[in-house]
Structure formats: C-alpha cells, structure tokens
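The values are calculated or read from the model by the stated rules, or taken from the named source; none is laboratory data. Source: prediction; values computed, not measured. Because the Cβ atoms are built from the backbone with ideal geometry, glycine has one as well, and the counts that use them run over all protein chains shown. Note: accessible area is taken over every heavy atom of the protein model, side chains too, but ligands, DNA and RNA are not part of it. Shrake-Rupley method; radii C 1.70, N 1.55, O 1.52, S 1.80 Å.
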Amino acid sequence: MRNTKLTNILLIILLIFNVAFLGKWWMGHHKMHHQKETEVEPTSAMNDHTKGGIFLIRSLGLDTIQQKKLNSILAAHYNFLDKYTAAYLRNQTGFFSALKGNSDSTTAFRCADSLGILKVAMEKELYVHFLSIKNICNSAQQKQYDELIDNMSKDFAHHHNAYLHPEKTKHDTL
C-alpha cells in the first residue's frame with residue numbers, strides 16, 4: 001500500500017513537471033515564430049552610432065582631439081547613410097513591385113540602374129569614411145587600425161571566396 005502511494009505521488013510530480021516543460025517550450029516556440037514586425041530606421045538597424053564610436057575610441061586609443069574629429073566624421077557618415085539607404089530601399093521596393101505587377105521592364109530596369117548607382121556611391125563613401133578615420137590616427141594607432149580592417153575584411157564574402165575558390169576570382173571587376 002505504501003509503495004503504491006509513493007508511486008502515485010511520483011507520477012503526479014512527473015506529470016506536473018512534464019506539463020510545465022511542455023508549456024514553457026510551446027510558449028517560447030510560439031513567441032519565436034510570431035514576433036511583431038516593427039518598422040526600423042535603416043541606419044539604426046545596421047549601426048548603433050554610439051557603440052561604433054566608443055568601440056573605435058577604445059580600440060584605437062583616441063585622445064580628446066581625435067575623438068572630436070571622429071564624432072564629426074561619424075556624424076557626416078551617418079547622415080550620408082540615412083539619405084542613401086532610404087533611397088536604396090525605395091528603389092528596391094520599386095524593383096520588387098515591378099516584378100509583382102505585369103508592368104513593362106522599364107520600371108524594373110530604372111530601379112536596378114538606380115540601385116547600382118546608389119550602391120557605388122555608398123561603397124565610395126565607406127572608403128572615404130574609413131580613410132578619414134585612418135587619417136586622424138597617429139602611427140601607433142594606424143597599426144591598430146590596420147588590424148581592425150583586417151578583422152573586418154574577414155567577414156566579407158568576397159574575401160572568403162577569393163581563398164576558397166581562387167579559380168573563380170582571378171579578377172576584381174566584371
């Protein structure tokens with residue numbers, strides 16, 4: 001009798017734990033797949049302005065004068081990105097809208113041309129931005145800067161493809 005009572009108590013406890021586990025798993029699984037979609041500002045989604053500046057200041061050991069120069073460089077860069085990213089997203093939306101409708105290809109080609117022009121401008125701005133940061137560094141800081149650039153370049157797909165598939169990447173341009 002005592003053995004049956006103990007078995008029933010253990011079964012009830014295990015059943016409660018099982019129900020609690022399944023409920024927690026289901027709620028987590030449900031939340032993960034049903035998150036609310038929110039409109040995000042383009043630049044803030046890609047960059048946290050203050051974190052990037054703080055990271056550069058700490059990594060490069062910038063002094064107060066260099067920090068002021070960096071702040072103006074970052075402000076100009078983020079202003080550029082806000083303007084160009086918004087235009088890029090508008091053209092990309094137009095491009096995909098042209099695919100949905102049965103319109104002629106003129107709209108899609110115009111959007112594609114604009115996307116290319118904007119992308120080139122954004123890449124050139126990125127180069128000028130990084131060069132401006134390098135120019136405010138002293139010689140010791142430039143070594144740190146070069147290490148940061150090396151680490152960043154490892155994250156880009158073209159960098160990995162050049163090493164993984166050298167036969168396919170024998171040139172830099174189309």
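Answer yes if at least one residue in region 155-173 is touching a helix residue (DSSP H, G or I) at 6+ places or on another chain (Cβ under 8 Å), at pLDDT 70 or above and open to solvent by less than 60 Å² (accessible area, probe 1.4 Å), and no otherwise.
There is no residue in region 155-173 that is touching a helix residue (DSSP H, G or I) at 6+ places or on another chain (Cβ under 8 Å), at pLDDT 70 or above and open to solvent by less than 60 Å² (accessible area, probe 1.4 Å).
Condition check: of a type in the set (A, V, I, L, M, F, W, C), in contact with a helix residue (DSSP H, G or I) (Cβ under 7 Å, 6 or more places away or on another chain) and in a helix (DSSP H, G or I). Does residue 109 satisfy that?
no
Give me the helices (runs of 4 or more DSSP H) completely within region 1-102, filtered to those with at least 2 residues that are at pLDDT 75 or above and open to solvent by 100 Å² or more (accessible area, probe 1.4 Å), ordered by residue number.
In region 1-102, 2-33, 49-60, 64-100 are the helices (runs of 4 or more DSSP H) which contain 2 or more residues that are at pLDDT 75 or above and open to solvent by 100 Å² or more (accessible area, probe 1.4 Å).
Please work out if residue 121 is closer than 30 Å to residue 67 by Cβ, among the hydrophobic types (A, V, I, L, M, F, W, C), modelled with pLDDT of 85 or more and exposed (fewer than 12 other Cβ atoms within 10 Å of the Cβ).
When the stated conditions are applied, residue 121 does not pass them.
Do any residues in region 118-130 that are touching a residue at least 40 places away in the same chain (Cβ under 8 Å) have Cβ atoms under 7 Å from those of residues that are in a helix (DSSP H, G or I) and among the β-branched types (Val, Ile, Thr), where the two are at least six apart or on different chains, and which pairs are they?
Within 7 Å, the pairs are 129/73.
Just give me the residues in region 124-138 being among the polar types (S, T, N, Q) and open to solvent by less than 90 Å² (accessible area, probe 1.4 Å), in sequence order.
Once the filter is applied, which keeps residues that are among the polar types (S, T, N, Q) and open to solvent by less than 90 Å² (accessible area, probe 1.4 Å), region 124-138 yields 132, 138.
Among the residues of region 77-98 satisfying the criterion of being of a type in the set (Gly, Ala, Ser) and free of Cβ contacts under 8 Å to residues at least 40 places away in the same chain, which is nearest to residue 127 (Cα to Cα)?
The extreme case among them is 87.
Working only within region 113-139, note down all residues that are within 22 Å of the chain's Cα centre (by Cα), among the β-branched types (Val, Ile, Thr) and either outside any helix (DSSP H, G or I) or under 12 Å from residue 91 (Cβ atoms) (or both).
Within region 113-139, just 117 meets the criteria.
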